[in-house]
Amino acid sequence: MKVAIIRFPGTNCEFDTAYAFEKLGVKTQIVWHEEKEFDADLVVLPGGFSYGDYLRCAAIAKLAPVMQGVFNHAKKG
């Protein structure tokens, strides 16, 4: 199993999340929000606030290049 952990400016716990999965023997990849592609069986959005603790930060994150890969992964089921 491979896990993609999506990282935005302002998020946290991505390294803790990777550590937990790696302790289970799972391969992890921390994917920066500007990357367009990743190869994973599972996508994880760690805690924190994408783009800081401001109003509509999720609306900004939605436009990040990585989100097209997240949407495509979700469509696969």
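Since every read-out is calculated from the coordinates, none of them should be taken as a lab result. Source: prediction; values computed, not measured. Cβ: placed from backbone, ideal geometry, glycine included. Neighbour counts: every protein chain shown.
In region 6-44, how many are in contact (Cβ under 8 Å) with a residue 40 or more places away in the chain and closer than 17 Å to Ala61 by Cβ? Reasoning before the result, please.
Pass one, region 6-44, residues in contact (Cβ under 8 Å) with a residue 40 or more places away in the chain: 6, 8-10, 41-44.
Among the residues that remain, those that are also closer than 17 Å to Ala61 by Cβ are: 6, 8-10, 43-44.
Of the residues in that region, 6 qualify.
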Residues in region 1-26 that are touching a helix residue (DSSP H, G or I) at 6+ places or on another chain (Cβ under 7 Å) and of a type in the set (Val, Ile, Thr) total 3
Filtering region 1-52 down to residues that are aromatic (Phe, Trp, Tyr) and part of a loop (DSSP other than H, G, I, E, B), which residue is surrounded by the most Cβ atoms within 10 Å (Cβ to Cβ)?
Phe8
